[in-house]
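A short worksheet on the structure shown next.
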């Protein structure tokens, strides 16, 4: 019999799907081994995803820390000595704080 197998794993709202097939005649035991191989590949994809996600999260935290460190360095300089890059950096910081500046506390008690 010809066979094809498909394995799908879901992890962290991501889906990993592996499909294998063969045109050669196979026994049920060989089809089962092909299914196991597909599952191992899907498991490996999940492991790789976990590593990539943790590295990306660490990189994001590092970038955020560097961003705020640079903002502190800029604050130590007089505003008249800020370069255009410094001004842009501080503008980004001010824009991130937009929601805090415009919180009117007018939705309390509505929910």
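Filtering the range 9-20 down to residues that are in contact with a strand residue (DSSP E or B) (Cβ under 9 Å, 6 or more places away or on another chain) and surrounded by 12 or more Cβ atoms within 10 Å (Cβ to Cβ), which residue is nearest to residue 49 (Cα to Cα)?
16
For residue 34, all conditions in the list (1) at pLDDT below 95; (2) surrounded by 13 or more Cβ atoms within 10 Å (Cβ to Cβ); (3) assigned to a helix (DSSP H, G or I) hold save one; what is the number of the exception?
All conditions pass for residue 34, except number (1).
Table: residues versus (1) in contact with a helix residue (DSSP H, G or I) (Cβ under 7 Å, 6 or more places away or on another chain); (2) closer than 30 Å to residue 1 by Cβ.
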residue	(1), (2)
20	yes, yes
58	no, no
63	no, no
74	yes, no
83	no, no
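The values are calculated or read from the model by the stated rules, or taken from the named source; none is laboratory data. Every value quoted in this text rests on a predicted model; they were computed, and no experiment measured them. All Cβ positions, even for glycine, are placed from backbone atoms using ideal geometry, and neighbour counts span all protein chains on display.
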